[in-house]
Amino acid sequence: MRKIPFDKAKLEKIAAQWPTPFHIYDAKAIRENAKRLKKAFSWNKGFREYFAVKATPNPHLMKLLKEFDFGSDCSSMAELVLAEKVGNVGDKIMFTSNDTPAEEFRKAWELGAIINLDDITHWPFMLESVGCPQAAELGEHIFCCRYNPGPLKGGNAIIGKPEEAKYGFTREQLFECYRQMKDAGVKRFGLHTMVASNELDPDYIIDTAKMLLDLVADLSQQLGIEFEFINIGGGIGIPYKPDQKQMDLEYVGKGIEAAFKACIAERGIKPLKLFMECGRCITGPYGYLVARVRHIKNTYRLYAGLDACMSNLMRPALYGAYHEIVVPGKETCGDTTTYDVTGSLCENNDKFAIGRVLPLLERGDLVVICDAGAHGHAMGFQYNGKLRSAELLLEEDGSVREIRRAETLDDYFATLDFNGL
Ligand SMILES: *Cc1c(COP(=O)(O)O)cnc(C)c1O
């Protein structure tokens, strides 16, 4: 049974102030995890994690992560503004977008963000978007390209195979683009890739770093440019299922350190900074969706209908993803009964779990859905007039703070004008 940082009495107290459903994040666990990540890569001078804002776009969590000097990985205007609001500007922003609009390039440029291009055509497009800057000005900004290794690297179910993925440059295009950038006056370079999502094999992450290091050596040699960093992207997985293991970050750290040393010794490259832009493994395991059983229904199957629905957490509906479910107060009752755990959306895939064996449930029981701290609330939507829930932060002293209020019907109707109907 998964350990959760609150018991039934504590949750009932919280729910008395913030009605279910709500998301709640464990500040202490997020801090401990951030410390562990930093330590695993502390051998690298200049190491930085850029938290993937899209995973949990809440400025209070971003600010908490800033305590550990985490930057922000942004991919849209809203995410750039969030980074700016928490004081992450300049090289604290990695702007990794795709199919990018001109105004977002402009905003990233104004903020002094590291601009990570997704395509060779984005180089002239970006220049035009920011007003065709002179060589001297370009020389002050940091640019990066996103490499798509195509058939050289296998993918997985969430992100797909690299060769079928819409992201990034081919190898040939990289050489061409860095040459164009150098000719235009760019002096500060990085290289990026993002080939995995929810990957639990540590060697896959190490191999990704090796691949980038090799490429940096080739690019540096052929083009006569120096790189400041490689960014291995996000994609470190978390153990959603009880039989899965947490990624051994210390092993990954050591493996990448060895790869850096080897590449410096064998290929003669200068020492580089290591960047990553993880989202899931930073907050995922430390966020919980708390809901209440609204109805028990017994037809061809037994259903537990919650007051949450897939607009609070759509991963199970979207990917068939598994999320552990804990019933506080019934931990010792034994898992005796098989349920489909559903929401109230008019979509039959609105299920948090299918055929899950749980303690006997009753109306009013609190139910905690685990590992909802990344790509959870963030993926919410309003289909069927479902409103997005509140987000709460469980502080280290046990107090609870609201970090986003629940939406109201007024929020839902805010874009409509009922006058003149
Ligand atoms: C989604 C995404 C991330 C974060 O991925 P996680 O699986 O949450 O670590 C990082 N970088 C880019 C470009 C992304 O699209």
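Tabulated data
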item	result
Per-residue SASA entry for Glu250, accessible area with 1.4 Å probe, Å² rounded to 10	70 Å²
Hz values of 3J(HN,Hα) by residue in segment 370-378 - Karplus curve (6.51, -1.76, 1.60), Gly and Pro given as x	7, 6, 9, x, 9, 6, x, 3, 4
Asp335-Asp214 FRET efficiency (beta carbon distance; Förster radius 45 Å; 0.05 resolution)	0.40
The chain: most fluctuating residue of Leu249, Leu306, Leu213 per GNM, C-alpha cutoff 10 Å	Leu249
Amide H contacts of Ile403 (H built 1.01 Å from N, under 5 Å, at least 5 apart or other chain)	Glu391, Leu392, Leu393
Proximal aspartates and glutamates to Lys241, defined as alpha-carbon separation beneath 19 angstrom and excluding residues fewer than eight positions away on the same chain	Glu199, Asp201, Glu324, Glu331, Asp335, Asp340, Asp371
Heavy-atom accessible area per residue - the chain, 1.4 Å, Å²	44 Å²
Amide hydrogen neighbours beyond the local backbone of Glu49, cut-off 5 Å, H modeled	Gly71, Met276
Amide hydrogen neighbours beyond the local backbone of Leu302, cut-off 5 Å, H modeled	Asp340
Span-rule helices in the chain, defined as complete DSSP H runs reaching 27 Å or more along the axis (Cα) with Kyte mean at least 1.6	none
For the chain: rounded, prolate or oblate by the Cα gyration tensor [a/c cutoff 1.5]	prolate
Integer Hz, Karplus 6.51/-1.76/1.60 couplings in order for segment 289-294, x for Gly and Pro	9, 9, 9, 10, 6, 9
Cβ-based net charge around Gly255, under 13 Å, with every Lys or Arg adding one and every Asp or Glu removing one	-3
Segment 27-281, accessible surface, carbon-and-sulfur percent (1.4 angstrom probe)	50 percent
Note, ³J(HN,Hα) from phi for segment 224-232, Karplus 6.51, -1.76, 1.60, rounded to Hz, x at Gly and Pro	x, 10, 10, 9, 8, 7, 10, 10, 8
Lys, Arg +1 and Asp, Glu -1 on Cβ, resulting dipole of the chain about Cα centre, debye, nearest 20	920 debye
Segment 27-281: relative contact order as a whole-number percent, Cα under 8 Å and 6+ apart	20 percent
Cβ-based net charge around Ser72, under 12 Å, with every Lys or Arg adding one and every Asp or Glu removing one	-1
Extension gain from His60 to Arg179, taking 0.36 nm per residue of separation minus the Cα-Cα distance	38.8 nm
Surface share of carbon and sulfur [accessible, 1.4 angstrom probe, percent] for segment 284-332	50 percent
Segment 1-34: trypsin sites (Lys or Arg not before Pro) falling in loop per DSSP and having at most 11 other Cβ within 10 Å	Lys3
Environment charge at Arg405 (Cβ cut-off 14 Å; Lys +1, Arg +1, Asp -1, Glu -1)	-2
In segment 83-184, trypsin sites (Lys or Arg not before Pro) in a DSSP loop with at most 14 other beta-carbon atoms within 10 Å	Lys166
GNM top mover of His375, His23, His295 - the chain, alpha-carbon springs below 10 Å	His295
Of Ala29, Ala265, Ala217, the one that fluctuates the most in a GNM where the chain has Cα springs shorter than 10 Å	Ala265
Trypsin sites (Lys or Arg not before Pro) within segment 274-332: DSSP coil, no more than 15 neighbouring Cβ in 10 Å	Arg301
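The values are calculated or read from the model by the stated rules, or taken from the named source; none is laboratory data. The structure presented is a predicted model; accordingly, all values stated were derived computationally and were not measured. Positions of Cβ are backbone-derived with ideal geometry, glycine not excepted, and every protein chain shown enters the neighbour counts. The accessibility values were calculated without ligands, DNA or RNA, using every heavy atom of the protein model including side chains. Shrake-Rupley method; radii C 1.70, N 1.55, O 1.52, S 1.80 Å.
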